[in-house]
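Values quoted throughout were computed directly from the atomic coordinates according to the rules given, and no laboratory measurement underlies them. Here the structure is a predicted model, which means the values were calculated and not measured. Backbone-built Cβ (ideal geometry, glycine too); neighbour counts: all protein chains shown.
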Amino acid sequence: MSGVTNNRFYGARSWREAKPVVLHPRFFDGFRDFLDGRPFDYRGLDGWPLLDQHRYENGRELAAECRAAGIVVRWGDRKRVPRGLKELVAGRARRREGPRRPLRSAGRPRDCRSG
């Protein structure tokens, strides 16, 4: 799919919204692959559905963020998210602001008459 980006995947605003993403099998694979030092294999992702590709990349990105921040995460069972990782993701989701509403006057012509 040409021109498709991860920008259409908006971030969760609660742990309830984030949990299915974190528990996705490809998210776990990406997270573990990064921590285990495996290089990113672009050709290996070619046959995967688009959502799986995004989740794998999301997992690698979060693992990289954890490493850069000095957060040690030991995650061995995909179905059991470690407390520290859950707190990190849930805290980020809570801090994310809701979607902005368009201005009421947006798109409407203003009355430009003077005097």
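Odds and ends about this structure:
- Sites Arg78 and Tyr42 - FRET efficiency at Förster radius 22 Å, r taken between beta-carbons, to 0.05: 0.45
- Tensor-based shape of segment 14-75 (alpha-carbon gyration tensor, a/c under 1.5 rounded, otherwise prolate or oblate): oblate
- Taking packing as the residue-averaged number of other Cβ atoms within 10 angstrom, the listed peptides 70-77, 30-37, 57-64, 87-94 run from highest to lowest as 57-64, 30-37, 87-94, 70-77.
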